[in-house]
1. Which of the following residues is open to solvent by 70 Å² or more (accessible area, probe 1.4 Å), out of contact with any helix residue (DSSP H, G or I) (no Cβ under 8 Å at 6 or more places or on another chain), polar (S, T, N, Q) and at positive phi: N32, N42?
2. What do you reckon, is V179 among the aliphatic types (A, V, I, L, M), open to solvent by 30 Å² or more (accessible area, probe 1.4 Å) and in contact with a Ser or Thr (Cβ under 7 Å, 6 or more places away or on another chain)?
3. Across segment 275-290, what is the number of residues that are open to solvent by less than 10 Å² (accessible area, probe 1.4 Å) and in a strand (DSSP E or B)?
4. Do we have any residue at all in segment 223-236 that's among the polar types (S, T, N, Q), at pLDDT 95 or above, open to solvent by less than 50 Å² (accessible area, probe 1.4 Å) and in contact with a strand residue (DSSP E or B) (Cβ under 6 Å, 6 or more places away or on another chain)?
5. Given the criterion farther than 26 Å from Q277 by Cα, without any contact (Cβ under 8 Å) to a residue 60 or more places away in the chain and in a helix (DSSP H, G or I), identify the matching residue among E172, E167.
6. Looking at segment 16-37, which of the residues that are in contact with a Ser or Thr (Cβ under 9 Å, 6 or more places away or on another chain) and part of a loop (DSSP other than H, G, I, E, B) is modelled with the highest pLDDT?
7. Out of the residues in segment 1-16 meeting the condition of being open to solvent by less than 60 Å² (accessible area, probe 1.4 Å) and either of a type in the set (D, E, K, R) or more than 16 Å from the chain's Cα centre (by Cα) (or both), tell me which one is nearest to I125 (Cα to Cα).
8. Could you go through segment 301-322 and let me know if any residue there is open to solvent by less than 20 Å² (accessible area, probe 1.4 Å) and outside any helix (DSSP H, G or I).
Amino acid sequence: MSDYLAYRIPNQQAERKVGSFELIGKDDPTTNHFVLSNFNQNKQYIFVPNDLDFEGTFQAHFSLEEPKVISKEKYLIYGNRIIEFLRNQSMNKFVFSRIKKIGFDSSNCLKLFEKLCDTYPNAFIYLISSESEGTWIGATPETLIQTVNDSGFTMSLAGTKEVGTQEWSPKEYKEQEWVSTYILETLKLNGIKNIEGHGPYDSEAGNLIHLRTDFSFDLDSNETLSLARNLHPTPAVSGLPKSESIALINQIENHELDYSRALYAGFLGFVGNRSSQLYVNLRCCQIFQDAAYLYIGGGYTEDSSAISEWEETESKSKTLISVLEKL
């Protein structure tokens with residue numbers, strides 16, 4: 001049974017293909033391929049299409065192991081420990097994620113993809129079904145890197161609230177500043193020239209508003225994947241300092257038996273000769289026969305409240321749940 005790929009870049013037509021996801025080395029260059037990376041970047045794939053007609057060929061692959069779901073009570077215990085840790089250590093921010101399980105008929109995967117495309121025209125929508133990674137679907141608002149010819153673009157997307165709620169707090173502005181500073185410094189360290197920033201400003205994504213800062217710069221299209229690998233993961237999905245945050249994530253987020261987060265908060269998209277679009281894999285879920293497992297995270301600082309972070313993850317889950325419930 002072939003692997004399956006469907007994706008819709010904002011303001012473009014959806015692409016649907018069958019073929020296979022093939023592993024590549026972390027430092028291997030690639031062009032004119034759809035690229036998929038897990039969070040830890042120890043598994044990266046390119047999609048190699050075959051000549052079969054995609055119509056009627058979708059059959060979901062399911063992972064053997066279902067992710068672990070923790071209760072609200074356990075989440076709050078972890079959350080309070082994280083806040084105490086941040087107050088006593090040299091870490092500024094830590095992104096803690098959890099999983100929410102809801103019932104879902106996997107035969108509706110294609111319908112869900114189409115509905116997400118209709119509901120979120122400004123998001124990157126994808127559906128993949130891979131023998132090695134199972135079936136995943138998502139609607140992410142966050143660009144990692146976009147290039148057209150010799151022009152590059154990225155964004156700092158940090159700070160979240162529901163539409164119509166309170167004003168931004170110092171905590172959200174601090175998060176946004178940290179992520180923006182990290183991106184700017186990483187671009188400079190990679191020799192990127194003519195960097196221009198714009199923001200922060202409010203950016204709506206479904207039922208949520210994020211603080212966003214845009215960065216444009218000069219970039220040879222052949223350097224797109226290399227820069228993406230160096231930028232990822234930004235503090236928006238890991239924390240700060242970066243290496244310490246990743247180590248802590250892999251220590252305490254036991255979503256899977258053999259690795260943390262799987263494809264959640266990794267990156268994916270198309271890398272081409274003249275243009276590329278890579279996105280951070282947020283607002284996503286892993287599909288099983290009768291259930292969808294939503295991966296949702298929140299950014300902790302020493303000023304965080306564990307219950308507020310729980311509520312933020314609940315708000316983020318509505319991006320998918322509001323559409324799933326309509327099928």
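The values are calculated or read from the model by the stated rules, or taken from the named source; none is laboratory data. This structure is a prediction, so every number in the text was calculated from the model and none was measured. Ideal geometry is used to build each Cβ from the backbone, glycine not excepted, and the neighbour counts take in all protein chains shown. Calculation scope for accessible area: heavy atoms of the full protein, side chains included, ligands and nucleic acids excluded. Shrake-Rupley method; radii C 1.70, N 1.55, O 1.52, S 1.80 Å.
1. Unique residue meeting the criteria: N32.
2. So V179 does not fit the description; no.
3. Adding up the residues that qualify gives 7.
4. No, because not a single residue in segment 223-236 is among the polar types (S, T, N, Q), at pLDDT 95 or above, open to solvent by less than 50 Å² (accessible area, probe 1.4 Å) and in contact with a strand residue (DSSP E or B) (Cβ under 6 Å, 6 or more places away or on another chain).
5. Values: E167 fails: in a helix (DSSP H, G or I).
Selected residue: E172, the only one of E172, E167 that is farther than 26 Å from Q277 by Cα, without any contact (Cβ under 8 Å) to a residue 60 or more places away in the chain and in a helix (DSSP H, G or I).
6. Filtering segment 16-37 for residues that are in contact with a Ser or Thr (Cβ under 9 Å, 6 or more places away or on another chain) and part of a loop (DSSP other than H, G, I, E, B), the one modelled with the highest pLDDT comes out as T31.
7. Ranking the qualifying residues of segment 1-16, first place goes to R8.
8. Scanning segment 301-322, I find at least one residue that is open to solvent by less than 20 Å² (accessible area, probe 1.4 Å) and outside any helix (DSSP H, G or I), so the answer is yes.
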